[in-house]
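Take a look at the structure below.
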């Protein structure tokens, strides 16, 4: 319950910033992240898209779109957004991790493993990428 209240406060803060400056691309992105965390995925996508209308090379928003599309199980759209984020910021761990999730959803397991490996190469302590890689390998073992 406390987490929900914090997300609501964050959403209100973003909306306040956007009232003052509707071109604050970073605030649109943060708004998308908060909405995504609240599982208001379609609204999150609208916020990420608004961020990208203002700043098309803002990789955080591309990565946010990837996260949201993965949550909707729209894996090809997610992959397209991840690839755009990686094109802009090839050394950022999160687009590589999210790309792995997208590829796993598309049943392109070898490529998913490569993406998780790249995420771990960038940040060897990224627990999310480490766990996603382990889960993928565990699932492979079960299918053998």
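Each reported figure results from applying straightforward, stated rules to the coordinates on display, with no laboratory input. Everything numeric here is computed off the predicted structure, so don't read it as measured data. Glycine also receives a Cβ, built like all others from the backbone with ideal geometry; neighbour counts cover every protein chain displayed.
Just a few scattered comments:
- Order by protection proxy (mean Cβ within 10 Å, highest first), peptides 94-107, 112-125, 22-35: 94-107, 22-35, 112-125
- Residues considered: 129, 13, 44. Largest GNM mean-square fluctuation over the chain, using C-alpha springs under 10 Å, is found at 13.
- Pairwise label distance in nanometres, residue 16 with residue 137, each label 7 Å out on the Cα-Cβ vector: 4.7
- Principal-axis tilt of helix 75-88 within the chain, Cα atoms, nearest 10 degrees: 80
- Remark on the range 21-95: Rg and Dmax equal 11.1, 33 Å (Cα only).
- 0 to 90° range, to nearest 10: angle between helix 59-71 axis and the chain longest Cα axis: 70
- Summary value for the chain: 14 percent relative contact order, contacts being C-alpha pairs under 8 angstrom separated by 6+ residues.
- The relative contact order of the range 74-144 comes to 27 percent, based on Cα pairs under 8 Å that sit 6 or more residues apart.
- Per-q log10 I(q)/I(0), the range 5-58, q = 0.25, 0.26, 0.28, 0.32 Å⁻¹ (Debye; single scatterer per alpha-carbon; no solvent): -0.90, -0.96, -1.07, -1.24
- For the range 1-56, averaging the sequence separation of C-alpha pairs within contact (under 8 Å, six or more residues apart) and dividing by the residue count gives a relative contact order of 32 percent.
- Matching label, semi-axes √(5λ) of the Cα gyration tensor in Å computed from the structure shown, candidates [x] 36, 15, 12; [y] 59, 16, 12; [z] 29, 16, 13: [z]
- To the nearest ten degrees, helix 2-20 and the longest principal axis of the Cα atoms of the chain are 50 degrees apart.
- For the range 75-144, the spread of Cα positions along each principal axis, largest first, Å: 37, 28, 14
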